[in-house]
Amino acid sequence: MVRIRVLVVDDHRIFAESLAAALAAEPDVDVSAAGSGPAAVRCLERAAAEGRRFDVLLVDADLGGGVPGVRPAVPVQEVGEDGLVDGISLVAGVRSAQPGVRTVVLAEKDDPRRAALALQAGASGWVAKDCSLSRLLTVIRGVLRDETHLPPALLTGVLRELTAARKHRTESERLVESLTPREREVLRCMVAGLGRKAVAERLFLSPHTVRTHMQNVLGKLGVHSTLAAVALARRAGVGPVDLAGDVVERGGQLA
């Protein structure tokens, strides 16, 4: 019998323990539980190192706490005041680190927007927390066959959200393409969180020239702040400049 290794990640202890116990009663399921994103990452890494990888991750959509070293997959407005992100970012981190692990998001309520974000982050399913055990097992076995599972009532809303996200991404890509190579390099520095002085030092430019480039970037992108420019850049797939790598090529004389 092929056994399915499942990791339940939920900071609501009673729910996590109850779900784990119910799943453990199935003859072909081995289940463990983690109470936070960082704990889940450690569990996954330890299992991988021991050659016993998990097959499916069940993640609470409202999981508290961030994952060290994982950049949030959700927009800035989804990040709480305490700087912590939800379970969708854990999905993105696991998808990047261990793509063979299937993830299913467990949610208190149907939310097309967040379900779409979960799918974009790499989740294979979105399931209500109060669904039946048989339904959850169907989803678990289905995602292992590379199926995507969503409640029928969410399907139209999720498709609408994904279509809108693609439209925004296409427009964002068009705007980024209007930038000069130097302006795109400045934008990547902005995405990395560098200030004007740090950008100037990295690109061997004067602060005045960097200021001009930043103003041009904001103007061409049609935004009024660095935060808005960074959000648009991320939608367009623009990543941060590699701060650990070599300094970028000199751009000529200091202005």
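Are any of the residues in region 203-212 at positive phi and not aromatic (Phe, Trp, Tyr)? Looking through region 203-212, none of the residues is at positive phi and not aromatic (Phe, Trp, Tyr). From the list 114, 102, exactly one residue is touching a residue at least 40 places away in the same chain (Cβ under 8 Å), buried (at least 20 other Cβ atoms within 10 Å of the Cβ), under 20 Å from residue 22 (Cβ atoms) and touching a helix residue (DSSP H, G or I) at 6+ places or on another chain (Cβ under 8 Å). Which is it? Being touching a residue at least 40 places away in the same chain (Cβ under 8 Å), buried (at least 20 other Cβ atoms within 10 Å of the Cβ), under 20 Å from residue 22 (Cβ atoms) and touching a helix residue (DSSP H, G or I) at 6+ places or on another chain (Cβ under 8 Å) holds for just one of 114, 102, which is 102. Residues in region 231-252 that are more than 15 Å from residue 194 (Cβ to Cβ) and modelled with pLDDT under 60 were compared, and the one that is surrounded by the fewest Cβ atoms within 10 Å (Cβ to Cβ) is 246. So residue 22 clears everything in (1) at positive phi; (2) assigned to a helix (DSSP H, G or I) except one condition, right? Which one? Every condition holds for residue 22 apart from (1).
In region 29-43, of all residues being among the β-branched types (Val, Ile, Thr) and modelled with pLDDT of 90 or more, the one that is farthest from residue 134 (Cα to Cα) corresponds to 31.
State all residues of region 127-159 that are of a type in the set (Gly, Ala, Ser) and free of Cβ contacts under 8 Å to residues at least 24 places away in the same chain; if no residue qualifies, say none. 128, 132, 134, 142, listed by residue number.
Matching residues to (1) surrounded by 14 or more Cβ atoms within 10 Å (Cβ to Cβ); (2) farther than 22 Å from residue 145 by Cα:
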{"site": "2", "(1), (2)": "no, no"}
{"site": "9", "(1), (2)": "yes, no"}
{"site": "15", "(1), (2)": "yes, yes"}
{"site": "21", "(1), (2)": "no, yes"}
{"site": "27", "(1), (2)": "no, no"}
{"site": "34", "(1), (2)": "yes, yes"}
{"site": "37", "(1), (2)": "yes, yes"}
{"site": "46", "(1), (2)": "no, yes"}
{"site": "49", "(1), (2)": "no, yes"}
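Scanning region 14-45 for residues that are of a type outside the set (A, V, I, L, M, F, W, C), free of Cβ contacts under 8 Å to residues at least 60 places away in the same chain and more than 17 Å from residue 61 (Cβ to Cβ) yields 17, 18, 27, 28, 30, 32, 38, 42, 45.
The values are calculated or read from the model by the stated rules, or taken from the named source; none is laboratory data. The shown structure was predicted, so the numbers you read here are calculated from the model rather than taken from an experiment. Cβ sites come from the backbone with ideal geometry, for glycine too, and all protein chains shown count toward neighbours.
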